[in-house]
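Every number here is computed from the coordinates shown, using simple stated rules; none is lab data. These numbers come from a predicted model, not from an experiment. Cβ atoms come from the backbone with ideal geometry, glycine included; neighbour counts cover every protein chain shown.
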Amino acid sequence: MLSKKNIIVTGVGKGLGYDLLKRIIFYGGFVYGITRSKSDLKKFQNLKNCKIFLGDVTNNKIIKRLFKQSLKDKRIIHGFVNNAGQRQRKKFNSISQKDLKTLFDTNFFSIFENMQLYSNYLIKKRNSGSIVNVGSIVGENGFSELSGYASTKTALIGLTKSFSKEMATHNIRANLINPGFVKTSYFNKFKMKKKLYKWTLSRIPQKRWGEPIEVSNLICFLLSDLSDYINGASINIDGGWTAS
C-alpha cells in the first residue's frame, strides 16, 4: 500500500506513533521519524527503512533537517503525519495563559508550521502529497477538565478543512483523524481506575477500546494512493462513541 513512499511522522517514540512507524514499514514505506525523548532511540536500533531524529516539534529546525536529509538521500517526501501532541487535564478555571500557550505550541502552531513547510516543499518540486493530522474525539465532543486540550484539537478541524480546499489545486491533500479510546501507552494505568474504565466501556457501542493497529491502518490508507479522492475529511475512529 505504501511501496516506495517516504513519510515523515512526528512523535514516533511511544504509543500510536511507534506503532504507525512499524505499519508504514510493513506496507513498504520509509519513515523519517521524530521523537523528543533520547531514551526512546534504542527502540529503533534493529528497525530497517527508517531514520530517527531527536528533537521537539515546537522547533521547526528539526523539520528542516529532515527535508535536507531527504534531499541527500534522494527521497521525495510523499506524506506527513502530525502525530506528536500534548494532553493536559486541568479544571477550566485553573488553566493559565502559560498552560494554553504550551498546549497550542505543540498541538496546533507546530502543526500549522509543518504544513506550511511541507506544502511549500511540494509546490516547489511540483509533487503531490498527503498530510494526516491526528486529532481527538475530545475536539468534537468536549470533555470535562480538558478544555485547553479540546481547544487545540478543535482548531485542527478548521485548519485541516481550510488547507485542503486551498491546496487541492496543487494536488496536496489533508485529512484529520479523531481517535477515541485506544490502547496506547497510557492504557494500563487507565485500566486501574476501574470505575472510570467501566464508564468508558459503557459509552462505546462496540464495548471495547481500539487497538493501535486499527488507527495506524487508517492513517496508512489516507497516506496511500488508494485514498486519492479523500480530502478535507475529519474521520472519527472511536468504536461509535461520537455517533452514540
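Key figures for this structure:
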item: Percentage, to the nearest whole number, of Cα pairs in the stretch 107-211 over 17 Å apart; result: 61 percent
item: Span-rule helices in the chain, defined as complete DSSP H runs reaching 15 Å or more along the axis (Cα) with Kyte mean at least 0.0; result: 15-26, 212-223
item: Cβ-defined net charge surrounding Gly28, 11 Å radius [Lys, Arg +1; Asp, Glu -1]; result: +3
item: Dipole-positive endmost among Ile237, Leu196, Ser37 within the chain (Cβ charges, Cα centre); result: Ser37
item: Straight-distance crosslink candidates among lysines, where the alpha carbon sits under 30 Å from Lys91 and sequence neighbours closer than 8 are dropped; result: Lys14, Lys101, Lys153, Lys161, Lys183, Lys189, Lys191, Lys193, Lys194, Lys195, Lys198, Lys207
item: Reciprocal mean inverse distance between Cα atoms of the chain - Kirkwood radius, Å; result: 18.4 Å
item: Spatial separation of Cα centroids for the stretch 1-33 and the stretch 158-210, in angstrom; result: 18 Å
item: Distance in nm between pseudo-label sites at Lys191 and Gln206 (7 Å out along the Cβ direction from Cα); result: 1.7 nm
item: Residue-count net charge about Gly17 - beta-carbon cut-off 12 Å; Lys, Arg +1, Asp, Glu -1; result: +3
item: Overall form of the stretch 1-113 per C-alpha gyration tensor (a/c, 1.5; a/b vs b/c); result: prolate
item: Mean residue ellipticity (222 nm) of the chain, computed from DSSP H runs ≥ 4 via -39,500 (n - 2.57), nearest 500; result: -13000 deg cm²/dmol
